[in-house]
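Undergrad: This is the structure I want to talk about, given as structure tokens.
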Amino acid sequence: MSSEPPPPGSGRPPEDDPFRKQPPPAAGGGSPYDPSYGSRPPPHGDQPPPFGGGGDPYGGGGPYGGDPLSGMPPLADSGKRTLARILDMIIVGVVVWLLSWAFGVTEYDVDTDKIDTGRSLGQSLVAAVLYIGYDTVMISRTGQTLGKRLFKLRVANLDNGSTPSLQTTLVRSLVLWIPFAFCCACIWTAIAGGWSFFDKPYKQGLHDKAAKTVVVSAG
């Protein structure tokens with residue numbers, strides 16, 4: 001078996017990822033890597049795993065038992081998530097405005113009731129590229145944007161708690177920011193992000209569901 005780390009983009013978390021969950025110790029001396037480990041009945045007094053015994057809503061399983069959140073930090077407060085997102089939107093929004101102003105790309109120009117839709121599309125494209133790039137690069141590196149770092153939050157893979165890969169983070173960012181930039185703006189952001197206030201048991205936004213991620217406390 002090769003000892004080399006997985007190639008970039010493989011979707012597998014590196015072995016030295018400090019946030020990657022480790023298999024829990026087996027009750028009674030068994031090994032979590034024993035094929036029968038996950039199918040054994042729980043010890044007396046233990047609660048059975050949710051969702052009817054093993055796995056998660058995405059159909060996963062593995063050596064961690066029925067609850068993918070086992071061994072992870074607590075799920076992030078949805079209010080803090082909202083504040084972190086607003087801060088990120090302000091940071092990137094300022095950059096979008098400066099670039100739009102510098103290159104003469106404005107949301108729209110009105111001239112005798114004529115709206116220049118070309119310029120509107122240009123600013124939407126600038127916004128989409130910057131928001132997607134910002135989220136994708138920062139979260140795939142550390143699991144945190146500037147807003148999440150300030151509020152001590154982190155994005156993690158639901159199945160193992162590790163920092164999401166570049167591909168996973170890109171999916172997450174596309175689902176969040178493409179409708180924002182070209183269609184529904186803040187309405188979509190409120191729906192996608194606000195979903196975490198009502199979602200159970202993982203408090204996921206719609207973009208988290210698409211990428212199979214969660215947001216957890218980092219401090």
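The values are calculated or read from the model by the stated rules, or taken from the named source; none is laboratory data. Quantities reported herein were computed from a predicted structural model and do not represent experimental measurements. Methodologically, a virtual Cβ is constructed for each residue, glycine included, from the backbone with ideal geometry; neighbour enumeration extends over all protein chains shown. Surface accessibility is based on the protein's heavy atoms, side chains included, excluding ligands, DNA and RNA. Shrake-Rupley method; radii C 1.70, N 1.55, O 1.52, S 1.80 Å.
Undergrad: Could you sort Trp195, Trp101, Trp188, Trp177 by accessible area so the largest value comes first, with the probe set to 1.4 Å?
TA: Trp101, Trp195, Trp188, Trp177
Undergrad: In what sequence, largest accessible area first, do Ser78, Ser217 appear using a 1.4 Å probe?
TA: Ser217, Ser78
Undergrad: Something else: Would you mind classifying the stretch 69-219 by shape? Square roots of the alpha carbon gyration tensor eigenvalues, ordered a ≥ b ≥ c; an a/c under 1.5 is rounded, otherwise it is prolate if a/b is larger than b/c and oblate if not.
TA: Prolate.
Undergrad: Okay, next question. Counting only protein heavy atoms and a 1.4 Å probe, tell me what percentage of the stretch 123-187's accessible area is made up of carbon and sulfur.
TA: 73
Undergrad: Right, next: Subtract the Cα-Cα distance of Val95 and Asp17 from 0.36 nm times their separation in residues, and report this length gain in nm to one decimal.
TA: 24.9 nm
Undergrad: So if each residue of separation counts as 0.36 nm, and I subtract the Cα-Cα distance between Phe198 and Phe182, what length gain in nm does that give?
TA: Using 0.36 nm per residue and subtracting the Cα-Cα distance, I get 3.2 nm.
Undergrad: Still on this structure, I have one more. What distance in nm lies between label points placed 7 Å from Cα along the C-beta direction at Ala210 and Leu146?
TA: Here the answer is 2.4 nm between the modelled labels.
Undergrad: What accessible area per residue, rounded to a whole number of Å², is obtained for the stretch 166-215 using a probe radius of 1.4 Å?
TA: Accessible surface, normalised per residue, equals 48 Å².
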